[in-house]
Ligand SMILES: Cc1cc2nc3c(=O)[nH]c(=O)nc-3n(C[C@H](O)[C@H](O)[C@H](O)COP(=O)(O)OP(=O)(O)OC[C@H]3O[C@@H](n4cnc5c(N)ncnc54)[C@H](O)[C@@H]3O)c2cc1C
């Protein structure tokens with residue numbers, strides 16, 4: 001039976017039907033092959049993990065069912081993207097290829113270049129519409145926020161009503177063992193897929209956002225108060241535009257405290273794309289310090305005692321250990337706790353930000369390379385343009401978990417301790433829990449001196465100014481898009497802000 005040539009929709013990190021321009025465009029042209037390629041090589045990368053794959057596979061399984069309801073289930077193939085596409089071309093013929101533009105790590109960038117070259121060589125038109133605010137080949141950051149707003153305001157794209165069945169083998173969705181992924185039990189991992197995403201969005205906008213602003217900073221209250229949509233944005237089960245428009249619609253009828261929470265959420269949706277834009281503009285961001293003066297400053301990573309104790313949550317600093325253990329068990333943490341994990345690792349413990357970032361990437365179920373590597377560099381002070389903030393593991397403990405409830409939950413060895421002893425068990429002769437890895441104040445002071453030393457180097461400021469021009473948000477830019485509230489400050493501090501913000 002001849003069914004081709006086909007309009008191939010290559011699903012990547014956009015595992016949904018709704019607001020999916022490639023699917024809608026392809027379906028308007030003829031028979032669609034909805035394709036998901038599981039690339040073993042991608043899952044062998046150092047930043048990949050079984051927990052990430054589990055969430056992606058759950059989203060793909062739901063998408064398969066949703067596509068089947070339209071007439072043609074998701075077709076799954078395992079292998080190299082070019083080889084899979086070439087196999088489809090030789091068997092059925094490909095009229096055109098559709099995929100969302102993806103901003104991702106080195107493997108993905110290189111694979112997309114190979115696919116583009118292959119499509120060109122085969123004279124197959126390959127269209128890659130955007131799915132977030134990141135713009136390819138952006139000449140300047142000027143006007144970026146306006147373009148983001150235009151993007152999220154554009155109508156969402158409705159899914160096709162039906163798809164013609166192709167009658168080809170759908171293929172099984174492999175599990176993590178098939179891919180040889182290292183065992184990664186994560187008992188508290190949230191479920192992936194569109195249904196979970198919509199339920200979280202609905203509960204957040206209907207009420208959870210009321211406490212968002214004041215509760216987001218603590219990992220204890222953040223679990224309920226934050227949207228927890230990040231893993232769904234990472235798999236594409238929900239689009240940024242869908243979330244933005246739902247939030248805009250909800251804020252009009254929301255009572256004041258809820259509306260304020262939703263407004264903060266809207267700001268963060270812009271941050272999502274703002275940070276991804278950095279990696280889109282500078283794909284080397286995951287490997288190289290943004291400001292060259294910080295390159296090679298810290299070299300120690302996995303295999304050293306300091307790294308291994310940090311990575312397991314055994315530093316002897318209870319709140320830090322609780323955050324790491326929570327992340328290991330659930331795959332999620334609030335922003336401040338993530339920032340503290342990086343800050344302490346790269347400053348107090350003076351570890352290489354790349355090793356730190358890779359470990360966390362594997363633990364984050366919502367791993368989004370553009371946000372992740374920009375943030376890892378920011379929190380380890382290598383960008384040259386942001387205020388360097390050193391989070392004290394002891395002050396954060398007292399501020400964010402004053403009664404020690406979060407510590408008791410995740411560090412059961414300390415569950416018997418009252419507060420304030422639980423924040424400093426070493427002062428109370430507690431057994432069965434490690435002695436602190438060092439004196440946090442003294443370590444912070446050493447790090448501060450070292451970082452100041454870098455800033456005194458010749459040419460530092462000129463390089464920083466160039467980075468600000470290339471990547472920094474514009475003052476008038478990332479205000480709270482679409483709200484009537486006063487402008488919020490731009491997210492990147494200009495270079496003349498105080499450089500060291502010490503909590504130690
Ligand atoms: C070192 C470090 C690494 C990080 N790595 C990731 C990552 O791999 N993937 C990821 O999605 N987020 C990352 N973040 C940003 C942030 O911590 C998470 O987006 C947030 O905690 C996810 O929870 P949520 O969905 O409930 O967020 P909410 O607070 O509900 O925010 C809604 C959405 O806004 C975006 N957002 C929120 N905060 C930020 C921020 N500071 N920067 C950019 N976008 C933001 C996210 O898409 C998030 O889902 C990282 C932060 C740090 C400090």
Show me the three semi-axes of the equivalent ellipsoid for segment 194-277, from the C-alpha gyration tensor (sqrt of 5 times each eigenvalue), largest first, rounded to whole Å.
18, 15, 13
Sticking with the crude label model, points 7 Å out along Cα→Cβ, report the distance from residue 140 to residue 83 in nm, one decimal please.
4.7
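May I ask you to compute the full-extension gain from residue 224 to residue 431, defined as 0.36 nm times their residue separation minus their alpha-carbon distance, rounded to one decimal in nm? Please list the in-between numbers first.
Numbers: separation 207, 0.36 × 207 = 74.52 nm, distance 3.29 nm.
Stretched fully, the residue 224-residue 431 segment lengthens by 71.2 nm.
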Going highest first, how would you order 458-464, 104-110, 218-224 by mean Cβ packing within 10 Å?
218-224, 104-110, 458-464
Report the percentage of all Cα-Cα pairs in segment 286-502 whose separation exceeds 27 Å, rounded to a whole percent.
35
Could you tell me how far the Cα centroid of segment 354-371 sits from the Cα centroid of segment 212-229, in Å?
20
Where in segment 229-260 does the label zone of residue 213 land, with the point 7 angstrom along Cα→C-beta and an amide N cut-off under 17 Å?
248, 251-260
Would you calculate the separation in nanometres between label points at residue 117 and residue 91, each defined as 7 Å from the Cα along the Cα-to-beta-carbon direction?
2.6
Can you tell me the 0 to 90 degree angle between the C-alpha axis of helix 81-92 and the longest principal axis of the chain, rounded to 10?
10
Quick one: length gained pulling residue 312 to residue 153 fully straight, 0.36 nm per residue minus the C-alpha distance?
52.9 nm
Would you kindly calculate the translational diffusion coefficient of the chain, applying Stokes-Einstein with the Kirkwood radius from alpha carbon pairs, for 20 °C and a viscosity of 1.002 mPa s, and quote it in µm² s⁻¹ without decimals?
89
Using R₀ = 56 Å, calculate the FRET efficiency as 1/(1 + (r/R₀)^6) where r is the Cβ-Cβ separation of residue 199 and residue 350; round to 0.05.
0.85
Once label points are set 7 Å from the Cα along Cα→Cβ at both residue 465 and residue 178, what is their separation, rounded to one decimal in nm?
5.6
In degrees, nearest 10, the alpha-carbon axis of helix 353-363 is tilted away from the dominant principal axis of the alpha carbons of the chain by 60
Log entry: pair-distance distribution for segment 387-482, C-alpha pairs binned every 10 Å from zero, whole % per bin is 12, 28, 21, 20, 17, 2
With T = 20 °C, eta = 1.002 mPa s and Kirkwood Rh from C-alpha pairs, the Stokes-Einstein D of segment 58-190 in µm²/s is about 118
Could you let me know the centre-to-centre spacing of segment 75-91 and segment 305-341, using Cα atoms, in angstrom?
40
The chain: calculated mean residue ellipticity at 222 nm from DSSP helix runs of at least 4, using -39500 (n - 2.57):
-14000 deg cm²/dmol
Nearest 10, in degrees from 0 to 90: the angle of helix 50-70 to the longest Cα principal axis of the chain is 30
Pop out the Kirkwood hydrodynamic radius of segment 6-131 from its pairwise C-alpha distances, inverse of mean 1/r, in Å to one decimal.
14.9
Calculate log10 I(q)/I(0) of segment 129-207 for q = 0.15, 0.19, 0.24 Å⁻¹, where I(q) comes from the Debye formula with a single equal point scatterer on each Cα and nothing for solvent.
-1.08, -1.09, -1.15
Semi-axes of the equivalent ellipsoid of segment 151-301: what are they in whole Å, largest first, if each equals the square root of 5 times a C-alpha gyration tensor eigenvalue?
29, 28, 19
Extent of segment 231-369 along each principal axis, from alpha carbon coordinates, in Å, largest to smallest?
53, 36, 25
Taking r as the C-beta separation of residue 282 and residue 458 and R0 as 25 Å, the FRET efficiency to the nearest 0.05 is 0.60
Full extension between residue 399 and residue 302 adds, at 0.36 nm per residue less the Cα distance, a length in nm of 31.9 nm
Rounded to whole angstrom, the alpha-carbon centroid of segment 413-429 lies from that of segment 230-273 at a distance of 39
Would you mind ranking 216, 340 by Cβ crowding within 10 Å, fewest neighbours first?
216, 340
Test of understanding: ordering 343, 217, 123, 239 by Cβ neighbours within 10 Å, fewest first, what list do you get?
123, 217, 239, 343
How do 426, 43, 98 rank when sorted from fewest to most other Cβ atoms within 10 Å of their own Cβ?
426, 43, 98
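Bear in mind that the values in this text are calculations on the coordinates, not laboratory data. Source: prediction; values computed, not measured. Because the Cβ atoms are built from the backbone with ideal geometry, glycine has one as well, and the counts that use them run over all protein chains shown.
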